[in-house]
Amino acid sequence: MQRYSSTKSLCRKIIHHRPHHQIQLPITRRPCDVFINHRGTDTKRTIAGLLHDHLSRLRLNPFLDSKNMKPGDRLFDKIDTAIKHCKLGVAVFSPRYCESYFCLHELALIMESRKKVIPIFYDVKPSQLQVPDNGTCSRKELQRFSRALEEAKYTVGLTFDSINGDWSEFLTTATDAVINNLIEVEEESTANREPMGFLQNY
């Protein structure tokens, strides 16, 4: 109970740092806080879906394709816009993650946008993640995807074994990691805005 109260307090701290015009917007119109990059068939009903729902209950605004997209949305437009405007990326790596062109495209865009990323290695080791050269991607795309994957693999992240791991404990740990990183991003953003305000007033 005490840890949950502390988590809610941290969420209030995130909201406090936001520009006033964003706080006033309905949550569905605000830029997403966290983009959850994942392979749906592996993790949508487990860690990715659970993390999305947990963050939503804390009044944050995570993006998960199955939760945030509706019939008629243009796939790449919606996803690319969400990545461009998000504050943090969570990359959920699973055994079949690298078989998905969409997963690799999203990861590359997150990295190219210089977003902060939290990798989650779900039933897979970083060394097992390789971009397959199966003829479905151009040489340029293979290089782009490999570069993004290597960068993510060498970022400190979280690991989880779905057979032996404690789901509740891991979900809490992952949520705390997301919130603490969001606070850092918000504080950096606030610090960058303040000199501009000073110059305008001057």
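The values are calculated or read from the model by the stated rules, or taken from the named source; none is laboratory data. Bear in mind that the values here come from a model prediction, so they are computed numbers and not experimental data. Every residue, glycine as well, gets a Cβ built from its backbone with ideal geometry; the counts of neighbours run over all protein chains shown. Remember, those area values only see protein heavy atoms, side chains included, never the ligands or the DNA or RNA. Shrake-Rupley method; radii C 1.70, N 1.55, O 1.52, S 1.80 Å.
Ordering 170, 48, 157 by Cα displacement along the dipole of segment 34-189 toward the positive end leaves 48 in first place; charges were set at the Cβ atoms of Lys, Arg (+1) and Asp, Glu (-1).
Placing a pseudo-label 7 Å from each Cα along the Cα-to-Cβ vector at residue 99 and residue 147 gives an inter-label distance of 2.8 nm.
Over segment 34-189, accessible surface divided per residue gives 50 Å², non-protein components excluded, 1.4 Å probe. Annotation for residue 116 and residue 155: the two label points, set 7 Å from Cα along the Cα-Cβ direction, are 1.1 nm apart. Listed by chain and number, the aspartates and glutamates whose alpha-carbon sits under 12 Å from that of residue 44, ignoring those within fewer than 8 places in the same chain, are 53, 65.
Computed extension length for residue 190-residue 138: 14.7 nm, one decimal, from 0.36 nm per residue of separation with the Cα-Cα distance subtracted. Per-atom-type breakdown for segment 34-189 gives carbon and sulfur 50% of the accessible area (1.4 Å probe, protein chains only).
Peptide packing for 31-40, 165-174 was compared via the average number of neighbouring C-beta atoms within 10 Å per residue; ordered from the highest value, the list is 31-40, 165-174.
Simple spin-label model, 7 Å along Cα-to-Cβ: residue 66 to residue 85 in nm? Label-label distance for residue 66 and residue 85, simple model: 2.4 nm.
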